[in-house]
Amino acid sequence: MRPRKGWLEVTIGVLSLVALFLGAQVAAGVPGASWALIVLGVASAVLFAAFAPRLLHLSPGNPKLRAVWLTLGFLAVLMLGAAVLVLGEEPLTEWLGEERLDALVKLFVFGVIALFVILFGNIAPKIPFNRYMGLRLPWTVTDEPTWRVAHRLVGALAWPCGLAQLAIAVWLPARLLEEHKERAWLFLAPTLVWFVVPSVYSLWFFCRRWHVGPRWLYGRGAGKK
């Protein structure tokens, strides 16, 4: 029998759905949606930090909580930085000019992504097995060894991928990004590698461990590790 979810788990689920809705509103250009998403993000980070021991089933003095709080703190600072850019768009445009502001926004966005890759990658191996934070994929949240394999690889790839993304943040001309908006994801290639490689490898590890999927995927002699 599956355990019943408490109010905290239900609240986090509802906040996740609201965040998805607000994200769609931001993409559609709805006025005020960016602010609402920022406020929701900060509030969610504070809520998760306050109840992290309960959600992750850790004692309050567990050193693994430091990794969780560090990540949440970085995300909160990131969202506050985004709020500053949203609030100060008009005065910043008058002060710096549109071209310099575009370069600043580009550096902020790509630079923050690079710093997040490095920071999260360094603490990823320390994040305990849970369903709320980390590389949450169907195969990682159901099997602890798969979780550990995925997060060790996330940590190993963090510095090379993060530094490559940081190089793009520094040297990518803002004009080039503006001209190729429809292919902006190409400029996030290091971050995509950082996410996709651990995801695919951990899926293969899970299939090999549990004999899931076609036989060619896990080969002969594979079994639980």
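The values are calculated or read from the model by the stated rules, or taken from the named source; none is laboratory data. Note that the coordinates shown come from a computational prediction; the quantities given were computed from them, not determined experimentally. Please note: Cβ atoms are built from the backbone with ideal geometry, for glycine as well, and neighbour counts cover all protein chains shown. Side chains included, ligands, DNA and RNA excluded: accessible areas come from the protein's heavy atoms. Shrake-Rupley method; radii C 1.70, N 1.55, O 1.52, S 1.80 Å.
Within the stretch 138-168, can you find the residues that are farther than 29 Å from residue 206 by Cβ and either over 18 Å from the mean Cα position of the chain (by Cα) or of a type in the set (Phe, Trp, Tyr) (or both)?
167, 168
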Tally of residues being over 19 Å from residue 113 (Cα atoms), of a type outside the set (A, V, I, L, M) and open to solvent by 70 Å² or more (accessible area, probe 1.4 Å) across the stretch 183-205: 2
Matching residues in the stretch 123-175 - criterion: being touching a residue at least 24 places away in the same chain (Cβ under 8 Å) and in contact with a His (Cβ under 7 Å, 6 or more places away or on another chain): 124, 125, 127, 135
Considering residues of the stretch 122-177 that are open to solvent by 50 Å² or more (accessible area, probe 1.4 Å) and aliphatic (A, V, I, L, M) only, the residue nearest to residue 75 (Cα to Cα): 166
The stretch 206-225 - residue that is closer than 24 Å to residue 134 by Cβ and open to solvent by 70 Å² or more (accessible area, probe 1.4 Å) and, of those, modelled with the lowest pLDDT: 225
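When only residues in the stretch 25-53 that are on the phi < 0 side of the Ramachandran plot and at pLDDT below 75 count, which is least open to solvent (accessible area, probe 1.4 Å)?
26
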The stretch 57-86, subset of a type in the set (Val, Ile, Thr) and modelled with pLDDT under 75, residue least open to solvent (accessible area, probe 1.4 Å): 86
